[in-house]
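Beneath this line is the structure, given in structure tokens, with notes to follow.
The values are calculated or read from the model by the stated rules, or taken from the named source; none is laboratory data. As the structure is a computational prediction, the values presented were derived from the model and not from experiment. Ideal geometry is used to build each Cβ from the backbone, glycine not excepted, and the neighbour counts take in all protein chains shown.
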Amino acid sequence: MMENENVCVFCTMNADKWVMDNEWAYAVRDLYPVNRGHLLIIPKRHVASYFELNQAEIAAMHDLLQQGKTLLEQEMRPDGWNIGVNVNHWGGQTVFHVHMHLIPRFAGDVADPRGGVRNIKAPLVPYPAESGAVVRYGKLVRDKIPEVIASAGKKAVCRLEADKLSLRKRLLSKLQEEAEEFRETPCLEELADLAEVVDGLAYHEGFNFADVLAQKAQKRAERGGFEQGIVLDLVE
């Protein structure tokens, strides 16, 4: 988020956009989220740097950090978190009213999550993976991916997710991943990937995909599809 030279977007933000607040700080959804659920935690007083905050403001922001984590766990059950504050131009700050990022992370949202916030720039000393060590993915993949890897002369170390709830969570994360990829590149291939994950969800929940399609057809006959782009604003 960029700041107008003369107007602080955080000082002028309407309170109806706040997700939560306390005496000294408030939290909002980031307009340009890195991931779903990305929150910003902001002191109410105009302060440029985190290091200029007083102890009451720091405590208030960290209180909202915990509240925000609880909220996002209820909404989307993330697999990890990034917490960060950019300070000054060379620290990446673009709005010079201090704000803290709370970013939910999900299994498979990057190929190799190791390092987290360390990945803001090339490291002075490379992580072992960059020197030829094994990269651990820990992500759900299509059934034939181990064969594809083997055909490239490499060995895929895999395991089967035996816990049904964990598998459901991984499939839902995969569904969100594929939806985000379609949002970025709206093509037939990405749409087919979405359908494949839905098929997998149906299979592991004990539903026949043909029955899912039959239910879809019935709902379509009763309520229609989404071709017309109708937006419901109000029922009077």
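A single entry from Ala156, Ala179, Ala162 fulfils the requirement of being surrounded by 10 or more Cβ atoms within 10 Å (Cβ to Cβ) and over 13 Å from Val197 (Cα atoms): Ala156. Of these, Ala60, Ala48, Ala27, which one is surrounded by 14 or more Cβ atoms within 10 Å (Cβ to Cβ), part of a helix (DSSP H, G or I) and at pLDDT 95 or above? On inspection, the qualifying residue turns out to be Ala60. It is to be established whether one or more residues within the stretch 93-102 are over 30 Å from Arg159 (Cα atoms), surrounded by fewer than 16 Cβ atoms within 10 Å (Cβ to Cβ) and modelled with pLDDT under 95. Yes, because at least one residue in the stretch 93-102 is over 30 Å from Arg159 (Cα atoms), surrounded by fewer than 16 Cβ atoms within 10 Å (Cβ to Cβ) and modelled with pLDDT under 95.
Would you confirm, using the coordinates I've provided, whether Val197 is outside the structural domain of Gln74 (by TED's automatic domain parsing) and either closer than 19 Å to Lys144 by Cβ or surrounded by 14 or more Cβ atoms within 10 Å (Cβ to Cβ) (or both)? The answer is yes for Val197.
When the stretch 140-165 is filtered for residues that are among the basic types (Lys, Arg) and closer than 25 Å to Pro104 by Cα, the ones remaining, listed by number, are Arg142, Lys164.
Residues to consider are Arg168, Arg183; find the one that is touching a Leu at 6+ places or on another chain (Cβ under 8 Å), under 20 Å from Phe106 (Cα atoms) and charged (D, E, K, R).
Arg168
Taking helices (runs of 4 or more DSSP H) that do not extend beyond the stretch 129-236, which have at least 1 residues that are closer than 27 Å to Gly80 by Cα? If you could, list the steps in order and put the result at the bottom.
Details: elements: 145-151, 164-184, 188-204, 209-223.
Filter on the stretch 129-236 gives 145-151, 164-184, 188-204.
Selection of the stretch 103-129 for residues being loosely packed, with under 12 Cβ neighbours inside 10 Å and at pLDDT below 80 yields Ala111, Lys121, Ala122, Pro123, Leu124, Val125, Pro126, Pro128. In the set (1) in contact with a strand residue (DSSP E or B) (Cβ under 9 Å, 6 or more places away or on another chain); (2) among the aromatic types (Phe, Trp, Tyr); (3) modelled with pLDDT under 90, Tyr137 fails one condition alone, (1). Note on the stretch 10-22: among residues that are surrounded by 10 or more Cβ atoms within 10 Å (Cβ to Cβ) and of a type in the set (D, E, K, R), the one that is farthest from Ala60 (Cα to Cα) is Lys17.
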